[in-house]
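What follows draws every value from the coordinates through simple rules; no lab data is involved. Just so it is clear, the structure is predicted and the values come from calculations on it, not from any experiment. No Cβ is skipped: glycine too gets one built from the backbone with ideal geometry, and neighbour counts run over all protein chains shown.
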Amino acid sequence: MKLNEKFFSVENNQTQRIQTLIIGRLLVIFLLLVASWVWNSGRLKLSFENFPRWVFLVFLISVGLTIVYFFLLRLSKNFAWQVRTQFLLDALLVTWLVWRTGDLTSPYITLYIVIIAVSSIFLRASETLLIAAICVVLFTLLSVLTALAVVDSFGATTDISRAVQIIAFHIVAFLVVGLLASRLSERRASGEKLIETAKTLANLRVLHERIVESIRSGGRDARVRRVYFDFRRRIACFQRNRTPHGLRDILETNRAWRIHRRQISRLVPDAAG
């Protein structure tokens, strides 16, 4: 596989992962909308009187954000920041939904845990912990603001001791899930690194065989006897003998200072596998 083909393969893989996140998010919100409608109706016969308008509003906002996310995916290749921004906006949307549906008594507080768990699939361990910390801060801030009547509360009146218990319980739950999710993220990242390392070693082995075959084909009078590479597949040094042939033609026609520390793929495109 050429280096440019490998680059496009990695880029397409990241694009597909982000597309899965975008479409999966919209699908989950739609299922949440239907489930909330059925739950509020209390039976399978649905009525618009029990339609969850706040969840529907979140769904409409998500549809608009989905369009924006797809445009950004086309225009920008900074995939990491796109994923981080999406999870941050998810946390803000969930906070707004929790506020409009009862704050401390809202049934949608569990969505924070969903965000933390899913973030471990797309983010590093430290970033997953950061998402958990952001969820803790947003939920705590919402609870304090509603308790102090800074913002209107849409939930049932709760005494201070009960409110503290609810807040503390959810904070502990968010942090525990964040720690577990970060461990899963570490294991996923380690697995991906092992796969990439195995592919790199396999490519280096093939490259080494090609170079050795090219060097041996020149006979005893070959000017380049050995070529050494570092782990980035750059030329570290080489030994000369006499006559150029194949790869040796390329090495011989370039001065040592020009090819030293350069990628072998820039000199021999066929060796970029």
field: Placed amide H near F154: partners under 5 Å, 5+ positions off or other chain
entry: G102, D103
field: Tensor-based shape of the range 119-185 (alpha-carbon gyration tensor, a/c under 1.5 rounded, otherwise prolate or oblate)
entry: prolate
query: By the scheme Lys and Arg +1, Asp and Glu -1, what is the net charge of all other residues having a beta-carbon under 12 Å from that of L145?
result: -2
field: Surrounding net charge for A132, when Lys and Arg each add one and Asp and Glu each subtract one, Cβ distance under 15 Å
entry: 0
task: Provide the net charge surrounding F122, with neighbours chosen by a C-beta distance below 10 Å and charges set as Lys +1, Arg +1, Asp -1, Glu -1.
output: +3
